[in-house]
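Worksheet: the structure to be examined is printed underneath.
Derivation of every value follows stated rules applied to the coordinates shown; laboratory data play no part. This structure is a prediction, so every number in the text was calculated from the model and none was measured. Don't worry about glycine lacking a Cβ; one is built from the backbone with ideal geometry, like all the others, and counts go over all protein chains shown.
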Amino acid sequence: GIEFIDSYVFNKAEYIRFNSTVGRYVGYTEYGVKNAEAWNKGPQLGQEQGELERFCKHNADLDYRAILDKT
């Protein structure tokens, strides 16, 4: 399967992450937890899920076909 991770970092510390396997944002600091709660209820969640479809699955199909072409 494909896993898409989008991490948000401030001062070299990750404070929030979207993980497609989990399917939502997870906060790692007090600020990140507050943002994760808001982002999971807002349009940001759908945007991240769209990135998984638009970018990851499209490129995975291209890479897979390229591998098959070489074999």
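Annotations for the structure displayed:
- Applying the Karplus relation 6.51 cos²θ - 1.76 cosθ + 1.60 with θ = phi - 60° to the stretch 34-48 yields 3J(HN,Hα) values of 4, 5, 4, 4, 5, 5, 5, 9, x, x, 4, 4, x, 5, 5 Hz, where x marks Gly and Pro.
- Efficiency of FRET from Cβ geometry, GLU53 and ALA13, R₀ 35 Å, rounded to 0.05: 0.75
- Multiplying the residue separation of ASN40 and VAL22 by 0.36 nm and removing their Cα-Cα distance gives an extension gain of 5.3 nm.
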